[in-house]
C-alpha cells in the first residue's frame, strides 16, 4: 500500500474515532503512534485536521448534493470518506481530482458496502462537477 493511501486510511480511522467520542489528539495518536514515515504522518495530519476544521461547511455542501439524505444518517464510514475526499478536492489542489475520487472509492470498497461505493462515487462526481469544474460557457 502506498504512503498516501495509508495516510488516507489512517485519517479515516482517526475521524471515525472522533465520531465515536474520542478526543481529537487521542484519536490521532491511537491510529498513528507507530507511523515512522514523516511524509505519511504529515499527510495524515493534514487530512485529519483539515477535515475536522472544515467539517461543518463540508457537511453543508455534501448535504446540498445528497438530496434526501441527512448526513447524520449516512453510514459513519461513508460520511467520513465523503468529508475527507471533499476536503482534499477543495483544499489540496496538488492532488488531481481523479486520484482523490479513486482513492476514496478504493477505501469505501475496503471498509463499506457495494451500495456505499455507488453512493460515494455519485456524490464525489457531483462535488467535482459543481465545486471544481468551471461552468461551461
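Taken along the Cα-to-beta-carbon direction at a fixed 7 Å, the label points for residue 106 and residue 37 span 1.1 nm. Computed from Cα positions, the angle between helix 38-53 and the longest principal axis of the chain comes to roughly 50 degrees. Relative to the longest principal axis of the chain, what angle (0 to 90°, nearest 10) does the C-alpha long axis of helix 114-127 take? The answer is roughly 70 degrees.
Remark: the residue 69-residue 125 segment gains 18.5 nm on full extension, using 0.36 nm per residue and subtracting the alpha carbon distance.
Among 36, 121, 80, the largest mean-square fluctuation in a Gaussian network model of the chain (Cα springs under 10 Å) belongs to 36. Calculated mean residue ellipticity, 222 nm, the chain: -23000 deg cm²/dmol, from DSSP H runs (n ≥ 4) at -39500 (n - 2.57) each, averaged per residue and rounded to 500. Helix 3-19 and the long axis of the chain differ in direction by around 90°, with both axes built from C-alpha atoms. For the chain, rounded, prolate or oblate, judged on the Cα gyration tensor with a ≥ b ≥ c (square roots of eigenvalues), a/c < 1.5 rounded, else prolate if a/b > b/c? Prolate shape, in that a/c is at least 1.5 and a/b is the bigger ratio. Counting neighbouring beta carbons within 10 Å and listing from fewest to most, the residues 20, 63 come out as 20, 63.
Let a ≥ b ≥ c be the square roots of the eigenvalues of the Cα gyration tensor of the stretch 1-40; is it rounded (a/c under 1.5), or, if not, prolate (a/b larger than b/c) or oblate? Oblate, since a/c reaches 1.5 and b/c is not below a/b. Between residue 23 and residue 56, the modelled label-to-label distance comes to 2.2 nm, taking each label 7 Å out from Cα in the direction of the beta carbon. The label point for residue 91 and the one for residue 30, both projected 7 Å from the Cα toward the Cβ, are 2.2 nm apart.
Read-outs: derived from the displayed coordinates by stated rules, not from any lab. Here the structure is a predicted model, which is why all the values come from computation and not from measurement. Reconstructed Cβ throughout: ideal geometry from the backbone, glycine too, with neighbour counts over all protein chains shown.
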